Every structure is written in C-alpha cells, then in structure tokens.
Amino acid sequence: MIAADSLIVPVDSQTMALAGVAQIRDTLAELSEAEVIAAVPPGRILLTMYDGRLSLDRAVAEHLRETAMPVFKQTIRTNTKLAESYGLRQTIFDYAPTSTGAVDHSGLAEEIAADQAGVTEAIA
C-alpha cells in the first residue's frame, strides 16, 4: 500500500462485509494519522458476488454507496464460471469469454481505464 496510487477494495455484497469496510476505512485513517504512509491512496469498493435480484445485495450496495468509500459502478456478479476457471487455472477470458464474469471484469477494466484517462487529462 505504501507504493500504491489507488486501492481496489473487493467487497462481497453481504451484510457481514460492511463491518470489514468500516475496519478498512479506519485502518487507512490510522495509517494516515500516524504518518506511516505519506498519503492514503484513494480507495474504491468493488462489489463482488453481487446478485441484483436479491434485496439484501441491493440494500448492501445502496448502503455502501451512501456511507462508505466511492464504489465502482461496475459490479462483479455471482457467476459459477469464475469459480470453475479458477479451479482449472485459466483466466475467465480463456475459459468462458462470453460469461457474465468475463463481461463484468471487462467492464471493470474499461471503468478503470476511463478514470485513468480522466486523471491524465486533468494533469495535462
């Protein structure tokens, strides 16, 4: 984290994960206050194992967007192909390139690239 210029905080979209997010946010604040790191890199939450059909997942996502760090627009939906590809030691793009897992990860990459392009333009 000392050399990072940004943080991606993957968070399972379950209620218990909310406590973990609060702990991460507190730890980052403590590191900053103790001057362990010069500046806390900006962090963003990535909702994983997300199922928009479930009211609990939607409620957790809404709560995080209202009270926590910034949240990526892209979520990583629950997808068995992700677990299967990991078990076979293949990327999701090699194993199931049209699966929702591959689509979601591509969307995340595009969101990050667009954000980086915006930062580059702001600096220039």
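Is the stretch 19-40 home to any residue that is touching an Asp or Glu at 6+ places or on another chain (Cβ under 7 Å) and farther than 23 Å from Leu82 by Cβ? Show your work before the answer.
Residues of the stretch 19-40 touching an Asp or Glu at 6+ places or on another chain (Cβ under 7 Å): none.
For the stretch 19-40, residues touching an Asp or Glu at 6+ places or on another chain (Cβ under 7 Å) and farther than 23 Å from Leu82 by Cβ: absent.
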Condition check: small (Gly, Ala, Ser) and in contact (Cβ under 8 Å) with a residue 40 or more places away in the chain. Does Ala117 satisfy that?
no
Mind listing just one residue for me: the one in the stretch 40-59 that is over 16 Å from the mean Cα position of the chain (by Cα) and of a type outside the set (Gly, Ala, Ser) and, of those, surrounded by the fewest Cβ atoms within 10 Å (Cβ to Cβ)?
Arg53
If you take the residues in the stretch 1-39 that are modelled with pLDDT of 80 or more and of a type in the set (Ser, Thr, Tyr), which one is surrounded by the most Cβ atoms within 10 Å (Cβ to Cβ)?
Ser13
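The values are calculated or read from the model by the stated rules, or taken from the named source; none is laboratory data. Predicted model only: the values in this text are computed from it and were never measured. Note that each Cβ is placed from the backbone with ideal geometry, even for glycine, and that neighbours are counted across all protein chains shown.
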